[in-house]
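For reference, the structure is listed below as structure tokens.
The values are calculated or read from the model by the stated rules, or taken from the named source; none is laboratory data. All values reported here derive from a predicted model rather than from experimental measurement. Reconstructed Cβ throughout: ideal geometry from the backbone, glycine too, with neighbour counts over all protein chains shown. Heavy atoms of the whole protein, side chains included, go into the accessibility calculation; ligands, DNA and RNA do not. Shrake-Rupley method; radii C 1.70, N 1.55, O 1.52, S 1.80 Å.
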Amino acid sequence: MERLKLVLQYFQSNSESISNGICIILALVSVKLYTSFDFNCPCLPQYNRLYSVGVMVVPPIILFFLGMLVNRHTGVMMDEWLRPEGNRSKNPAVVKFLCSAMLQRAMLAPMVWILVTLLDGKILICAFSVSVDPSLFSGFPNNTGWTKAVTRYVRCYSQAVGWSILLFFIVLGSLARFIKPFFDDHATFLQTRYWSNYLDVEQKMFDETCVLHARDFARKCVVQFFEEMREETAPVLNRPFFSVSTRDDWDSEDEDRLHGVTRQEQMNQLLDKWYYGKPELDVRRIAYKPRLCPGCSKKNFHSDV
């Protein structure tokens, strides 16, 4: 149970871990789909290969596009690629890095499907069992023995192809991991990876800030509506709906979340500015903003004299 909690915490730690978890789930789903798939070969020479190609190709294409849809890097990459340049220049290396990460994760589930079908062998048996040379199995007395021999023969080739593809990708990945440091600048790779993560975090922070602003904006609109209705319907001498101290405390509490944006036109202008002219990657103005110490207050700055 503890190991399961650690695994879940890892997959929830950041967007990259979440994407890896989704890809692994898709790979497991592809295996489950294949094992529950009712495979019925047409047993007609003109349709066997067509049916086998469809089973081998169509599900991996569906899983590939599904992996692209559920991958968060897809949206981040497209936003960065298609956005206007504005105040911030585009970095093609970041777009390339995001595209590579997206394709690698999206290819996992289709490759698992193809490998499982090859190792199982039913696809190639359906496609090529009719085209096997009968002279290779002339020693069998009846058709039953000949059919079993052909099935074993084609399944052997199918499994050999499957294990060969798996070995090829493992060797290719290992060589790429060992050879890549000799040809790529590691500092450049760290910069590219940092800014690709930054784009993801920036978009999430912007969405979260917009959600908080929308919640407080909606609450103020609703409360303001009820307050205006009360002022219109209640007698003049009645006690107001909000006391002065409560109203001031409420305004000061939500002032930081609204950020001075209190009208629809202001919010639309802010969103347009965010899309068409994203801010420069320079936070010196807010990073070096002077702050008061926690124990200081306004009354400490006035003398008793």
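The candidates ARG72, ARG152, ARG285, arranged from most to least accessible area with a 1.4 Å probe in the full protein assembly, appear as ARG285, ARG152, ARG72. The alpha-carbon atoms of the stretch 143-237 define a convex hull whose volume equals 202 cubic angstrom per residue.
When each of the peptides 58-71, 95-108, 174-187 is scored by how many other beta carbons lie within 10 Å of its residues on average, the order from highest to lowest is 95-108, 58-71, 174-187. Taking all protein chains together and rolling a 1.4 Å probe, GLU265 ends up with roughly 110 Å² accessible.
Against the criterion of solvent-accessible heavy-atom surface with a 1.4 angstrom probe, THR147, THR35 sort, most first, into THR35, THR147.
Once a ≥ b ≥ c are taken as the square roots of the eigenvalues of the Cα gyration tensor of the stretch 14-85, is the result rounded (a/c under 1.5), prolate (a/b larger than b/c) or oblate (a/b not larger than b/c)?
Details: a/c = 6.70, a/b = 2.08, b/c = 3.22.
The shape class here is oblate.
Computed from the alpha carbon atoms alone, the convex hull of the stretch 55-202 holds 137 Å³ per residue.
With respect to the cross-link table entries LYS96/LYS273; LYS220/LYS278; LYS96/LYS204; LYS122/LYS180; LYS32/LYS148; LYS90/LYS180, which display a Cα-Cα separation exceeding 32 Å? Write out the running numbers ahead of the final one.
Details: LYS96/LYS273 26 Å; LYS220/LYS278 28 Å; LYS96/LYS204 21 Å; LYS122/LYS180 38 Å; LYS32/LYS148 27 Å; LYS90/LYS180 25 Å.
Listed pairs above 32 Å: LYS122/LYS180.
Below 8 Å, C-alpha to C-alpha, sequence gap of six or more: please give me the relative contact order for the stretch 35-183 in percent. The partial results should precede the final answer.
Details: 107 pairs, mean separation 39.2, N = 149.
Contact order relative to length: 26 percent.
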